[in-house]
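Take this structure first; my questions come after.
The values are calculated or read from the model by the stated rules, or taken from the named source; none is laboratory data. All values derive from a computational prediction rather than experimental measurement. With ideal geometry, Cβ positions are generated from the backbone for all residues, glycine too; neighbour counts draw on all protein chains shown. Each accessible area value is taken on the protein alone, full model and side chains, heavy atoms only, with ligands, DNA and RNA left out. Shrake-Rupley method; radii C 1.70, N 1.55, O 1.52, S 1.80 Å.
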Amino acid sequence: MDRRYITLIAILLVVVIVGMVDLPNPPSIVNTIMGRQVEPVLGLDLRGGVQILLQPPANTTFTTQNLQDAANILENRTNALGVSEDIFQVAGGQYILAEFPGLKDPTAVIADLQQTGLLEFVDVGSTPLNVGTVIQTDNGANIDQALNGTATPESTVTTPQVENTPTATATEAGPTPTPSGTATAEPTVYHTVMTGADLTSVLVSLNNTSGSSGYVIQFTLSDHGKAVFGTFTSANVGKYLAIVLDKKVISCPVIDQAITEGSGVIQGNFTRDSANSLATILRYGSLPVSLEIAQQQVIGPTLGEDSLNRSILAGIFGFLVVALFMLIYDRLPGVVAVLAITVYGLTTFAIYKLLPVTLTLPSIAGFLLSTGSAMDANILMFERMKEELRAGRNLHQAAALGWSRAWPSIRDSNISTFITSVILFIFGSAMGASTVKGFALTLGMGIVISILTAVIVTRTFLGLALDLFKPTDRARWFGL
């Protein structure tokens, strides 16, 4: 008896906690503990957004690992741009499936997805180049061919740390006509002094230069980059150094003085958004393979809201019908089962919010299927209990024997379902099927929680009910 009441108090405490988490606006203490706003995370199909299918250009040589690395870099880029809960998955070994729940204007994100992010500091000598000029460089096949996806850059850039203001800057040159040159069969090939692989931190700040406005990008270099940059700028004061992104000039400043401290500034006609976008690309390095959009689909928020409302309505009606059936068929055990399933639902939803788990229509289907498994455990136990009552056992003996004899079936069926969910999750991850992963994740979590609910909640509630009510009319209370 004492153990049952202690367990009951623990269950009620859990119910109170998860109930606070489940509220539409949880108490501030919940948000404070979690360090964020605790709310359901809805997927693309429930709140609308954009789905983009990316692929390397035709006749491009690449590997699945190239695509996986590109997906990781793109995910870091978009997260840094403030696009949360985005998903990048390699699909079929030749595509990257990108999903952006809640994204209304995909223009900026799409532009960043298509940028390879190959940064080069190029020596252009005494003649500056106009911003936007497309050039060729001599930085090796691995750099020049990266835009075509036929090779992998040497390295990527590490995540930045905020550094001090650079000790030297380069002043942006005024507009100067692009040199026409003489007509030749071969275009001019410029020398690349250094690539973005030598950047260790990138920071956007206001342009504090006298008479200037807008934003600049401050950067610091690795030890190797510091030595290379210091040597070059020392020998080329007064000449121009073009800053080139994906073979296109974004800035062409003149070198005012030697930059030997391993830091500098990229100046240009940057707005806040364009500066942040470029800084994000530079932070996370260049893509190992260039990408182009194969397909783009916009899912309106109205469609997502309609799907969500219908799912909630279906869940409510389904729960009410099942609860009514249990109450009519199992009587007192049915009441216990409804209470146990309610605890299960509150706990599961709270865990979804706390982790968080992205809820989509397939993941909701996984949750509902696991709810059915939770109810099955109760039904198995109650039916075995009825058999013991028919055999002449008293209530407590029937309850104990019913559980012990139903447990092997409950255990084996739930383990089988859990193994299936693990296999679905693994293959969904390998093949880029995010809908399969979401279904498998919520199904697997639900199975684990349902077993704990059956072992702890249902047995505790049933034992207390038998102690408190002491029913004598078994046919009436147990539906015999």
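Tell me the helices (runs of 4 or more DSSP H) entirely within the stretch 422-480 that contain at least 3 residues that are at pLDDT below 85 and open to solvent by 60 Å² or more (accessible area, probe 1.4 Å).
Answer list for the stretch 422-480: 474-478.
I'm checking my understanding of the structure. Among residues of the stretch 1-56 that are in contact (Cβ under 8 Å) with a residue 60 or more places away in the chain and charged (D, E, K, R), which one is nearest to Ile364 (Cα to Cα)?
Selected residue: Asp45.
Just one of the numbered conditions (1) touching a Phe, Trp or Tyr at 6+ places or on another chain (Cβ under 7 Å); (2) at pLDDT below 90; (3) open to solvent by 20 Å² or more (accessible area, probe 1.4 Å) is not true of Ser363; which one?
Result: Ser363 fails condition (3) only.
So, one more: Residues in the stretch 225-237: is at least one touching a Ser or Thr at 6+ places or on another chain (Cβ under 8 Å) and outside any helix (DSSP H, G or I)?
Within the stretch 225-237, none of the residues are touching a Ser or Thr at 6+ places or on another chain (Cβ under 8 Å) and outside any helix (DSSP H, G or I).
If you don't mind, another one. How many residues, within the stretch 207-256, are of a type in the set (Gly, Ala, Ser), modelled with pLDDT of 90 or more, out of contact with any helix residue (DSSP H, G or I) (no Cβ under 8 Å at 6 or more places or on another chain) and open to solvent by less than 70 Å² (accessible area, probe 1.4 Å)?
Summing the residues that are of a type in the set (Gly, Ala, Ser), modelled with pLDDT of 90 or more, out of contact with any helix residue (DSSP H, G or I) (no Cβ under 8 Å at 6 or more places or on another chain) and open to solvent by less than 70 Å² (accessible area, probe 1.4 Å) in the stretch 207-256 gives 5.
Kindly indicate the residue of the stretch 247-281 that is among the polar types (S, T, N, Q) and not in a loop (DSSP other than H, G, I, E, B) and also nearest to Val90 (Cα to Cα) among those meeting that condition.
Thr280
Follow-up question, since we're still on this one. Determine, yes or no, whether Ala70 is open to solvent by less than 70 Å² (accessible area, probe 1.4 Å), modelled with pLDDT of 85 or more, within 26 Å of Asp198 (Cβ to Cβ) and of a type outside the set (Val, Ile, Thr).
yes
Name the residues in the stretch 171-203 that are outside any strand (DSSP E or B), more than 39 Å from the chain's Cα centre (by Cα) and modelled with pLDDT of 85 or more, would you?
Across the stretch 171-203, the qualifying residue is only Thr188.
Would you pick out the residues in the stretch 383-421 that are farther than 19 Å from Thr453 by Cβ, part of a helix (DSSP H, G or I) and among the small types (Gly, Ala, Ser)?
Correct list: Ala398 only.
Among the residues of the stretch 367-384, are any without any contact (Cβ under 8 Å) to a residue 24 or more places away in the chain, among the basic types (Lys, Arg), in contact with a helix residue (DSSP H, G or I) (Cβ under 7 Å, 6 or more places away or on another chain) and open to solvent by 30 Å² or more (accessible area, probe 1.4 Å)?
Checked the stretch 367-384: at least one residue is without any contact (Cβ under 8 Å) to a residue 24 or more places away in the chain, among the basic types (Lys, Arg), in contact with a helix residue (DSSP H, G or I) (Cβ under 7 Å, 6 or more places away or on another chain) and open to solvent by 30 Å² or more (accessible area, probe 1.4 Å).
Being in contact with a Ser or Thr (Cβ under 9 Å, 6 or more places away or on another chain), closer than 23 Å to Asp246 by Cα and in a helix (DSSP H, G or I) is the filter here, so list the residues in the stretch 282-337 that pass it.
Passing the criteria: only Arg283.
Another question, if that's okay. Output the residues belonging to the stretch 339-348 that are open to solvent by 30 Å² or more (accessible area, probe 1.4 Å) and under 26 Å from Lys470 (Cα atoms).
Result: Leu339, Thr342.
Could I ask something else about it? Please go through the stretch 229-255 and pick out each residue that is of a type in the set (Val, Ile, Thr) and closer than 17 Å to Ala275 by Cα.
Result: Ile243, Val244, Val249, Ile250.
Among the residues of the stretch 61-72, is any touching a helix residue (DSSP H, G or I) at 6+ places or on another chain (Cβ under 8 Å) and in contact (Cβ under 8 Å) with a residue 12 or more places away in the chain?
no
Tally up the residues in the stretch 340-363 that are of a type outside the set (Gly, Ala, Ser) and under 18 Å from the mean Cα position of the chain (by Cα), please.
So the count comes out to 12.
Under 6 Å between Cβ atoms, which residue pairs at least 6 apart in sequence (or on different chains) link something in the stretch 229-252 that is under 17 Å from Pro128 (Cβ atoms) with a partner that is crowded, with 17+ Cβ neighbours inside 10 Å and charged (D, E, K, R)?
Filtered contacts from the stretch 229-252: Val244/Glu120.
Quick check: anything in the stretch 319-337 within 18 Å of Ile447 (Cα to Cα), modelled with pLDDT of 90 or more, under 22 Å from the mean Cα position of the chain (by Cα) and among the hydrophobic types (A, V, I, L, M, F, W, C)?
Looking for residues that are within 18 Å of Ile447 (Cα to Cα), modelled with pLDDT of 90 or more, under 22 Å from the mean Cα position of the chain (by Cα) and among the hydrophobic types (A, V, I, L, M, F, W, C), one finds none in the stretch 319-337, hence no.
Can you tell which of Ile259, Ile293 is over 22 Å from the mean Cα position of the chain (by Cα) and either farther than 27 Å from Leu44 by Cα or open to solvent by 50 Å² or more (accessible area, probe 1.4 Å) (or both)?
Ile259
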